[in-house]
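Reading through the structure tokens given below for one structure.
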Amino acid sequence: MATQSLETLDPETRALLQIRLKSQPSDDADFRWDTLKENVRPLKRGRNVKILNDALHSHSNLPLKHSLLITRRKLIEAIDEYRGDDPLLPWLECIKWVQEAFPAGGDSSGLVLMYEQCVRAFWHDDRYKNDHRYLKVWLEYAESCSDAEVIYRFLEANNIGLSHAAYYISYALHLEKKHKIKTANEVFNRGLSINAQPLEKLEAAYRKFIARSMGKSKTATDEDGIEISQPVRSFGTVLSRGENRRRPIDVSDVGKKNIKGNRGERIPLTIFTDTNRENNPGHQADLSKVGLKPWDSLPTHRDRNKENTAIPAKWTSFKVPQRPGSRIAVLATPAIEVFVDQQSSELHQTGDETRNTANLQLKERDEHELKRESELLKENPLRNFPMSSFPR
């Protein structure tokens, strides 16, 4: 069959075979990403297939991976060297390149650090308070952190991006995932009250939110109604239409009735008496052997508390005996030098000096340091911000 030509096949088989041949890719290299798609982090804007294949191939090739790190270093240097009117632009270009070159994301890509340093460099700049590009970086940073709610409160306290519908949609969806439906509804209403733009997008998202909320509440109500309407009955019994549906008997009521009935009977208790104990001489011998006294003679108070009769004394009056011998003088050692992390101290500076210093640190950090710092930022995304910027 493999050597049979298309002319000898029946028309239906020939048509199906031609369709299959046309659907096969001309170059299998274009579909290399399909074998590694589990390691690709999805992007809302999509990905370029050629760039994605090159990026996945480069991470399995050490020379190509080294070239990626060099390119990232150059892009970071371009941020420091930028002298134009839009200092946010080189940051956006660097972030976009890292998202494409490191499709799996991860802490080793340094993407979380770039998010944090970018938003920290411009949070006090009035030019970017309502810039949708700057807000987008904030929202992407929030998606990468475990405590995203603190970021949304920070943006609201510092009046960043509050005129855009994306802020309210992202904040409300985050609250909905945490089952804070009432608070999410309040966030949507705040955005609608100020006509956040685009208003049509915000209204559409709010309608979907209301539909989801109503569906969840209706499902919960139906389930509760079914459980309440069903009477308690034994397994396998069927209630007829004319059957009297009385209130089910509570098990606790039956227990109370039984207790009252038992109290009313007043059955006397029988006390056991060992008649053989007094007539058994072996038992008395056993008591004297172990030093025990019979129950007819109780011990005195002093005998019962003999372990507490120790006379209290001053604990400093007892001294530990020392071994005889001469003591050797202890040589003075130099003082321990306290380590100061210059990188961490420089992160708390503000202005252009902070921006340049942070970029230099990102260039000089290795993969292990990037992972460690990324994990810290995910747990506390505002750890490097000044205290005056937090909501009060």
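The values are calculated or read from the model by the stated rules, or taken from the named source; none is laboratory data. Not measured: the values here are computed from a predicted model. Neighbour counts run over all protein chains shown; Cβ positions are idealised from the backbone, glycine included.
Restricting attention to segment 203-220, the residues that are over 28 Å from the mean Cα position of the chain (by Cα) and at pLDDT 95 or above total 3.
Across segment 137-158, the qualifying residues are those that are β-branched (Val, Ile, Thr) and buried (at least 20 other Cβ atoms within 10 Å of the Cβ), and the one among them that is farthest from Glu379 (Cα to Cα) is Val137. Filtered by the rule that a residue be more than 15 Å from Phe385 (Cβ to Cβ) and part of a loop (DSSP other than H, G, I, E, B), segment 119-147 gives Lys129, Asn130, Asp131, Ser146.
Elements of the type helices (runs of 4 or more DSSP H) sitting completely within segment 334-392 and holding at least 3 residues that are modelled with pLDDT under 80: these cover 342-346, 351-364.
Condition (residue is modelled with pLDDT of 55 or more, exposed (fewer than 11 other Cβ atoms within 10 Å of the Cβ) and among the small types (Gly, Ala, Ser)) applied to segment 182-202: is it met by at least one residue? The answer is yes; a qualifying residue exists.
Filter segment 148-180 for residues that are assigned to a helix (DSSP H, G or I) and polar (S, T, N, Q) and give the result.
Ser170
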